[in-house]
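Taking it in order: structure first as structure tokens, then the write-up.
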Amino acid sequence: MKYVLSFTVNGQPVETLAEPTASLLDILRDQLDVTSPKRGCESGDCGACTVVVDGRAVPSCLTTALTVAGSEVTTVEGLMGDGQLHPLQREFYERCAAQCGFCTSGMLMAAKALLDRNPSPTRAEIALAMSGNLCRCGAYVQVMEAIEAVAGRKCEVKAEDTRERE
Amino acid sequence: MPTAEYFAPTELRDALRLLAERGNQITILAGGTDLVPQFNCRELRPHALLYIGKLGLNYIIAKNGGLAVGSATSLEEIATNRLVFERAPVLAQAAAEMGNPTIRNVATIGGNLATASRAADMPPPLLALDAELSLVSERGERVIPIGEFFKRAHKTVRLADELLTEIRIPSVKGQTAFVRHGRRKVFSCCVASVAVRVVMDGGKCADARIVAGSMASTPVRCLGAEGILQGKHLTSELAVEAAAQAVGECKPIDDDRATAWYRRRVIKVLIERAINRASDL
Ligand SMILES: Cc1cc2nc3c(=O)[nH]c(=O)nc-3n(C[C@H](O)[C@H](O)[C@H](O)COP(=O)(O)OP(=O)(O)OC[C@H]3O[C@@H](n4cnc5c(N)ncnc54)[C@H](O)[C@@H]3O)c2cc1C
Ligand code: FES
Ligand code: FES
């Protein structure tokens, strides 16, 4: 049986039909054409499908779609405002933090959830928050640098602090 | 193919009614981190899902000097909650080391227990803390010590009409430690884990709990090893002796994470470390 599902995707209210066992990833990609979250492992192991639900980064492949009824979901499509890249997107781009790019959407959303909660994380806090996101191409160093750069812009003092600790 | 029905009640009594009427057909859904991968690979085709995330079972409150934790509380909340840090630090630590941050955001403590996986990270600390579980049905409430909850891997004493609603942690004495070993620090379910609590009195160990995870089909309370510590001054030599005894009380298996042979060797070291840490040796 399909059920009506209403929630908000990137600020837009949407209504669609969902099977109880459908994941949020299924609904976003296959029904709503929101394709930035990637279908990697479908078992919670890779992080390519990470989206932000009500401020928390979650694996959309493990989230039953119907449970997000009434929630606010943010994906990479919602990062850009006024045609401007989000600071994270800009830093990822400028530092070549994506090679094939398959992990990038998930990385961006995990990083966004972190910075929204903690605008000036330490390197260890970034590493922890990103530990659910795998990158087959091995762009980890650039990913860390990109997130640190954005965090640093928000709080110069803390950025020096983390550099000293390295 | 018939597809599933879905219920997301906001009142506990509606959830219990459903379980009373159709318990055998219903799959309780909490965070979904154990269930949804099984839906994704079509390993599991549920008749009906009962989502419990809207029942108000997401809470951590101080109770009788201890804690009451709602079964739908996420592991991230448990890992970061101040009350848990103060009253059950061993639980906070185990929650913080489980999975990874995005998994922890959704995974619940009730799901971790009800799944009854060998490798689950919540049972050892909760056994070490003498926790009790509240199972509620239309027939009433049943409170059982957590040690009686697990029957074998993936099987608990929960009846089809019952919902695990609350985990109660009494005010217990002693110092604790949790040590786990996995193939990777984050992500991976553990190869072996142990939670230890020692109660010191006048320089001697008055009481002890040593609970090994991933070392049998259910968490293993190593009573023989606990006995070795009781009434003694704790030394690192005694920790070695207790750990050796504990290994004999475990019945590990070979699986895709490790062999039984390896687990026996690892758990010995983990238990030693945990006893040393808990007793500041
Ligand atoms: C990538 C990954 C890594 C993981 N790492 C770890 C790890 O390191 N350590 C670890 O312990 N686990 C780990 N897990 C397993 C899993 O995340 C946990 O067991 C989690 O706590 C399950 O909770 P849930 O709310 O997601 O359960 P769900 O999937 O919603 O439910 C699990 C089971 O419990 C039942 N259930 C849930 N709530 C109740 C209730 N209140 N009453 C009765 N029955 C109930 C369900 O019917 C189902 O059978 C991992 C999983 C993934 C995908
Ligand atoms: S696709 Fe969701 S974690 Fe890999
Ligand atoms: S850039 Fe290819 S997987 Fe990360």
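The values are calculated or read from the model by the stated rules, or taken from the named source; none is laboratory data. Computed from a predicted structure; not experimentally measured. Note: ideal-geometry Cβ built from the backbone for every residue, glycine included; neighbour counts use all protein chains shown. Keep in mind that these areas ignore ligands, DNA and RNA; they rest on the heavy atoms of the full protein, side chains included. Shrake-Rupley method; radii C 1.70, N 1.55, O 1.52, S 1.80 Å.
Here are some notes:
- Scan of the stretch A:45-62 for residues that are within 6 Å of ligand 2 (Cβ to nearest atom) and touching a residue at least 60 places away in the same chain (Cβ under 8 Å), ordered by number: A:Asp45, A:Cys46, A:Gly47, A:Ala48, A:Pro59
- Filtered residues of the stretch B:27-63 (kept if more than 25 Å from B:Ala96 (Cα to Cα) and more than 21 Å from the chain's Cα centre (by Cα)): B:Phe39, B:Asn40, B:Cys41, B:Arg42, B:Glu43, B:Leu44, B:Arg45, B:Pro46, B:His47, B:Ala48, B:Leu49, B:Leu50
- Test: residue in the stretch A:74-87 that is more than 10 Å from chain B (Cβ to nearest Cβ) and within 16 Å of ligand 3 (Cβ to nearest atom): yes
- Hits in the stretch B:145-179 - residues which are small (Gly, Ala, Ser) and out of contact with any helix residue (DSSP H, G or I) (no Cβ under 7 Å at 6 or more places or on another chain): B:Ala153, B:Ser171, B:Gly174
- Looking across the stretch A:118-150, the residues that are within 16 Å of ligand 2 (Cβ to nearest atom) and out of contact with any Leu (no Cβ under 7 Å at 6 or more places or on another chain) come down to A:Met130, A:Ser131, A:Gly132, A:Asn133, A:Leu134, A:Cys135, A:Arg136, A:Cys137.
- A:Ala124 being within 10 Å of chain B (Cβ to nearest Cβ) and more than 16 Å from ligand 1 (Cβ to nearest atom): no
Listed here are the residues, each with its yes/no results for (1) more than 26 Å from B:Leu49 (Cα to Cα); (2) more than 14 Å from chain A (Cβ to nearest Cβ); (3) touching a residue at least 40 places away in the same chain (Cβ under 8 Å).
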site: B:Leu67; (1), (2), (3): yes, yes, yes
site: B:Ser71; (1), (2), (3): no, yes, yes
site: B:Ala119; (1), (2), (3): no, yes, yes
site: B:Leu133; (1), (2), (3): no, yes, no
site: B:Glu138; (1), (2), (3): no, yes, yes
site: B:Ile144; (1), (2), (3): no, yes, no
site: B:Arg152; (1), (2), (3): no, yes, yes
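- Scope the stretch B:270-281; condition modelled with pLDDT under 95 and open to solvent by less than 70 Å² (accessible area, probe 1.4 Å); matching residues: B:Ser279
- Boolean, A:Gly11 is open to solvent by 50 Å² or more (accessible area, probe 1.4 Å), more than 10 Å from every other protein chain (Cβ to nearest Cβ) and in contact (Cβ under 8 Å) with a residue 40 or more places away in the chain: yes
- Across the stretch B:110-127, the qualifying residues are those that are touching a helix residue (DSSP H, G or I) at 6+ places or on another chain (Cβ under 6 Å) and among the aliphatic types (A, V, I, L, M), and the one among them that is farthest from ligand 1 (Cβ to nearest atom) is B:Leu127.
- Taking the stretch A:1-120 as the region of interest, the strands (runs of 3 or more DSSP E) fully inside it that hold 1 or more residues being within 15 Å of ligand 1 (Cβ to nearest atom) and under 20 Å from A:Met144 (Cα atoms) are A:50-53, A:56-59.
- Test: residue in the stretch B:11-19 that is under 30 Å from A:Cys41 (Cβ atoms) and within 11 Å of ligand 1 (Cβ to nearest atom): no
- Restricting attention to the stretch B:14-28, the residues being without any contact (Cβ under 8 Å) to a residue 24 or more places away in the chain and not acidic (Asp, Glu) number 2.
- Some residue of the stretch A:80-100 being under 20 Å from A:Leu25 (Cα atoms) and surrounded by fewer than 23 Cβ atoms within 10 Å (Cβ to Cβ): no
- Residues of the stretch B:118-146 that are at pLDDT 95 or above, open to solvent by 30 Å² or more (accessible area, probe 1.4 Å) and either under 24 Å from B:Asp255 (Cα atoms) or in a loop (DSSP other than H, G, I, E, B) (or both): B:Asp130, B:Glu138, B:Arg139.
- Filter result (more than 13 Å from chain B (Cβ to nearest Cβ) and either surrounded by fewer than 18 Cβ atoms within 10 Å (Cβ to Cβ) or charged (D, E, K, R) (or both)) within the stretch A:33-49: A:Asp33, A:Thr35, A:Lys38
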